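J.: This is the structure, below, for whatever I ask next.
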Amino acid sequence: MAIDPILDAVPELRNATAIEPLMGGLTNTNYKVTAPSGCYVVRISGKDTSLLAIDRENEVHNTVAAAETGVGAPFVAALPEHDALVLGFLEGEVMDADKLRRGDRLAAVAESCRRLHAGRRFLQDFDMFAIQPRYLEIVRARDFRLPDRYEDFEPQIRAIEAAMRVRPEPTVPCNNDLLAENFIDVGGEMRLIDYEYSGNNEPSFELGNVWSESNLSLGQLEELVAHYYGRPLRNKVARARLWGLMSKYGWTLWGSIQVGISDLDFDFWGWAMEKYERAAEELDGPLFEQLLSDVQRED
C-alpha cells in the first residue's frame, strides 16, 4: 500500500516535508511524517493480520480510549480503506529490553499500566486461554511449523487455566503486548503505544507480559508487582509469572503463523523458538506445581 493516498486523505499530513520509515514493527509498515502541522506516525497494516487475532475496529476504539488517558499517543485518523492508522508522534526515548532490565524504570512502567487500566473499558476482551487454541487451529489447518513437543504441554496449560480461574482478577483495559519497545519515555513519564492486541484483561497479564518480553529477573517481577499492587503479594507474583509463561506459549504460535504469512524480512521462527524454549523450561521446571498452588492463595 502506497503512502501517498493516505497523505492526501488526512488534512494534518498534507504538504508533508519529510517521510521516514520507522524500524522495529513485526506486523506492519510504519512511517514518521513531518508536516507543517506537526509530526505523525502512519501505520499501514500487514496482510492477513486477522489470522493473528487482530481486529482493526477494536484497535481503533481502544487507541482512542488509550489516548484519552494520556498514556497512548494522540489519535488523528483511521482509514480502513487504506488499512492505515494515523497517530501523533511521541518525541521521547524508546525503551528496549536492556534499558528495562536496568530496573530504574519499573515504577514508571507500573504507573503507566495503572493509568491505562483506569481508563474506560475497551471494546473487546482479550484472553490468551482462548486465543492460543485459535492460533493452534490455524497452525494445524495451514500446516505451519510447530515446535517439537508443543502439544505435549497441553495438560499443563489446562492446569494453569483451572488454577487461575479459581480467583480471577477483575478485567481492565490492557495493552497485552508490552514488549519494551512499546514503552516511550516522554519527559520521565512512560507512554504506551500499539493497541493491536488490546482488550479487557487481567492487570497481572500486563505485568507478566512485561517480565516475559524483556526477560526481567524474578526479583524485578516482584518489584514490578509491588509497584503496581502496593506490595509483592505472593499470589499476584505467581499470577504474573503464569501469565508470562502463558503469553510465551501462546505467542510462539503467533510466530509460527507469521512465518507462513508475513512478507517482512525477519526471523519469526527464531523469535518464536526463543519464547517457546523459555516456556518449555518453566513448564518442565521444579517450581511449576508451586506456582499453581500459590496463584490460588488469598494473599
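The values are calculated or read from the model by the stated rules, or taken from the named source; none is laboratory data. Bear in mind the structure is a predicted one, so any value in this text is a computation, not a measurement. Note that we place each Cβ from the backbone using ideal geometry, even for glycine, and neighbour counts take in every protein chain shown.
J.: In the stretch 61-118, how many are closer than 18 Å to residue 199 by Cα, part of a loop (DSSP other than H, G, I, E, B) and hydrophobic (A, V, I, L, M, F, W, C)?
T.: Here the count works out to 3.
J.: Let me ask something else. Which members of the stretch 105-162 meet the condition of being of a type in the set (A, V, I, L, M), surrounded by fewer than 21 Cβ atoms within 10 Å (Cβ to Cβ) and within 18 Å of residue 278 (Cα to Cα)?
T.: 146, 157
J.: Can I ask one more? Just to be sure before I move on: is residue 182 in contact with a helix residue (DSSP H, G or I) (Cβ under 8 Å, 6 or more places away or on another chain) and modelled with pLDDT of 95 or more in the structure I sent?
T.: Taking the combined requirement at face value, the residue does not satisfy it.
J.: Mind checking which pairs have a first residue in the stretch 102-119 that is in the same structural domain as residue 188 (by TED's automatic domain parsing) and at positive phi and a second that is modelled with pLDDT of 95 or more and crowded, with 17+ Cβ neighbours inside 10 Å, Cβ under 9 Å, 6 or more apart or different chains?
T.: What qualifies is 103/216; 103/220; 103/223.
J.: Further question on the same structure: Quick one: residue 247 ticks every box in (1) within 20 Å of residue 168 (Cβ to Cβ); (2) at pLDDT below 95 bar one, so which box is it?
T.: Among (1) within 20 Å of residue 168 (Cβ to Cβ); (2) at pLDDT below 95, residue 247 violates only (2).
J.: Let me ask you something else. State yes or no: is residue 210 within 13 Å of the chain's Cα centre (by Cα), closer than 22 Å to residue 165 by Cα and outside any loop (DSSP other than H, G, I, E, B)?
T.: Yes: the conditions hold for residue 210.
J.: Next question, about the same structure. Given the options 147, 232, 170, name the one that is under 29 Å from residue 261 (Cα atoms), touching a helix residue (DSSP H, G or I) at 6+ places or on another chain (Cβ under 9 Å) and not in a helix (DSSP H, G or I).
T.: Of the residues listed, the single one that is under 29 Å from residue 261 (Cα atoms), touching a helix residue (DSSP H, G or I) at 6+ places or on another chain (Cβ under 9 Å) and not in a helix (DSSP H, G or I) is 147.
J.: Could you please find all residues in the stretch 275-295 being part of a helix (DSSP H, G or I) and surrounded by 15 or more Cβ atoms within 10 Å (Cβ to Cβ)?
T.: 275, 276, 278, 279, 280, 282, 283, 288, 291, 292, 294
J.: Let me ask something else about it. Of everything in the stretch 117-135, what is touching an Asp or Glu at 6+ places or on another chain (Cβ under 8 Å) and not basic (Lys, Arg)? Give them in sequence order.
T.: Matches in the stretch 117-135: 117, 119, 123, 124, 129.
J.: Further question: With the checklist (1) surrounded by 15 or more Cβ atoms within 10 Å (Cβ to Cβ); (2) out of contact with any Gly (no Cβ under 7 Å at 6 or more places or on another chain); (3) in the same structural domain as residue 249 (by TED's automatic domain parsing) in hand, flag the one item residue 59 doesn't pass.
T.: Here residue 59 clears every test but (3).
Quick grid of which residues meet (1) surrounded by fewer than 23 Cβ atoms within 10 Å (Cβ to Cβ); (2) free of Cβ contacts under 8 Å to residues at least 60 places away in the same chain:
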residue: 189; (1), (2): yes, no
residue: 205; (1), (2): no, no
residue: 211; (1), (2): no, yes
residue: 226; (1), (2): yes, yes
residue: 233; (1), (2): yes, no
